[in-house]
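Data first, discussion second: the structure below is written as structure tokens.
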Amino acid sequence: MIDGGEAIRKLALNVARYTGLAPLAKPFVGGIGAILMLHRVTATPERPNSVNRHLNIAPAFLDKLIADMKGRGYAFVTLDEAIERIKIGGKGGQFATITADDAYRDNMTEALPVLEKHGAPITIYVAPGLTDGAADLWWDVVEDLVDTSSRLTLKTANGSTVVDSSTPGKKIQAVARLNAWLTLEVREEEQGAALRELARSNGIDIGTGRPGILMSWDEIRRMAAHPLVTIGAHTINHRNLKRLAEADARHEIGDVRGILMERLGQEPRHFAYPYGYASAVGCREVGFARNAGYVSAVTTRHGVLRAEHGGYLHALPRISVNGRYQSVAHIRTMLSGVTTPLANAGKMVVTI
């Protein structure tokens, strides 16, 4: 199913493409490069038409996209090299670097062969709490709860309410309601406990962690040793940092470095803010990441890179390569730079 916002965005992408605006504008607004953002890369998603389908692309699409970008002159570089290129204003020509959040197992099994084919480096941002199972991929758990139920009883500050999930349309609404409850009404630190209590009170066993969906520590270590792979940090427990007290936010951002050092034998140089949108990261969080000693930090704000980003290395935008826009033409339009101001109230240099 396509929501209204998605349809409007696709219409804008097609207008920019078919009017010739995107290719004409690229020399002027295309910037110096781009950081691509991935999550899952698999040809066999468990729920191909789910609310969270944007988190998945097919490996064949990744293959086509990298080939197309290379054919149009993009150099695929490590994140370390990308940062150096930003610092010198992109004088070495247009470049791209690939990042992936959460350390999904298919990054190793299905994405890595594509990256090896093209010699394209990737930075994978790891949240140890997700890997250990101490924190939940709650967006997946919510879909599981809704998929297996026709109705759920939700306990809120105003009392209990029944969430109808009896039809496909109602299930989409139910997922949205539970997402809002978890991310707006429940305290960030209590999110996992609240989710498990919701499952328990409705007679559903959600188990522990998401075995097989995320890489194990042994697999992350093998990936860390691969010449194309850099491991970055994604907080300890994948928390929305803006919803945390200062001490807790600093802990999530800074102490994850020591955990990854202990687990992998090397400290991460790069950081990704969980969620990465305006209600999850602001000036405070950027300051924490800088003070923690990271070389760079990325958001999920939509935008190409510009020379001016040399002054904002801890608030870098990315281009989301996701399941709703699996079209090389769509990504070409995004890379042209014309969608950057459209998505950011006219801003060309996107930070926070």
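The values are calculated or read from the model by the stated rules, or taken from the named source; none is laboratory data. It should be emphasised that the depicted structure is a prediction, and the values quoted were computed from it without experimental measurement. Glycine also receives a Cβ, built like all others from the backbone with ideal geometry; neighbour counts cover every protein chain displayed. Calculation scope for accessible area: heavy atoms of the full protein, side chains included, ligands and nucleic acids excluded. Shrake-Rupley method; radii C 1.70, N 1.55, O 1.52, S 1.80 Å.
Computing the accessible area with a 1.4 Å probe over protein heavy atoms, can you report the carbon and sulfur percentage for region 248-352?
Here it works out to 51 percent.
How big is the equivalent ellipsoid of region 196-352 along its three axes, where each semi-axis is √(5λ) from the Cα gyration tensor, reported in whole Å from largest to smallest?
28, 21, 19
For the chain, list log₁₀ I(q)/I(0) at each q in 0.07, 0.13 Å⁻¹, using the Debye formula over Cα point scatterers of equal strength and ignoring solvent, two decimals each.
So the normalised log intensities work out to -0.29, -1.05.
Please express the Cα-Cα pair-distance distribution P(r) of region 105-190 as a list of whole percents, one per 10 Å bin, running from 0 to the bin with the greatest distance.
Bin by bin from 0 Å, the calculated values are 14, 33, 25, 19, 7, 1.
Determine the gain in length on full extension of the stretch Glu116-Ala329; use 0.36 nm per residue of separation and subtract their C-alpha separation, reporting nm with one decimal.
74.3 nm
Working only with C-alpha atoms, what are the Rg and Dmax values of region 189-248, expressed in angstrom?
16.0, 47
For the chain, what proportion of DSSP beta bridges, expressed in % and rounded to the nearest 5, is antiparallel?
Of the beta bridges lying entirely in the chain, close to 25 percent run antiparallel.
Could you give the distance between the Cα centres of region 128-155 and region 257-280, to the whole Å?
23
What ranking do 246-255, 29-38, 45-54 get when scored by the average of other Cβ atoms within 10 Å per residue, highest first?
29-38, 246-255, 45-54
Ala247 versus Ser279, label points 7 Å from Cα toward the beta carbon: distance in nm?
2.7
Expected output is a single nm value to one decimal: the length gained when fully extending between Arg200 and Ala343, i.e. 0.36 nm times separation in residues minus the C-alpha distance. What is it?
Extending this stretch completely gives an extra 47.5 nm.
Per-residue ellipticity at 222 nm for the chain, helices alone: DSSP H runs ≥ 4 residues times -39500 (n - 2.57), over residue total, nearest 500 deg cm²/dmol?
When only DSSP H runs of four or more count, the value is -11500 deg cm²/dmol.
Among 120-131, 303-314, how do they line up from the highest to the lowest mean number of other beta-carbon atoms within 10 Å?
Output ranking for 120-131, 303-314: 120-131, 303-314.
Under 10 Å, Cα contacts only: if you run a Gaussian network model on the chain, which one of Ile206, Ile236, Ile319 comes out with the highest mean-square fluctuation?
Ile206
For Lys155, Lys170, write out the residues from largest to smallest accessible area, computed with a 1.4 angstrom probe and no ligands counted.
Lys155, Lys170
So how long is each side of region 1-127 along the principal axes, counting just the alpha-carbon atoms, biggest first, in Å?
Principal-axis extents of region 1-127 (Cα, largest first): 43, 35, 26 Å.
Run the simple label-point estimate for Lys10 and Arg72 please: 7 Å along Cα→C-beta, distance reported in nm.
Distance between label points: 2.0 nm.
In square angstrom, what is the accessible area per residue of the chain with a 1.4 angstrom probe?
42
Give the average over all directions of the projected area of the C-alpha convex hull of region 178-285, one decimal, in nm².
The orientation-averaged projected area of the Cα hull of region 178-285 comes to 8.2 nm².
Could you identify which residue out of Val15, Val142, Val281 has the top mean-square fluctuation in a GNM of the chain using Cα springs shorter than 10 Å?
Per the Cα network of the chain with a 10 Å cutoff, Val15 tops the list.
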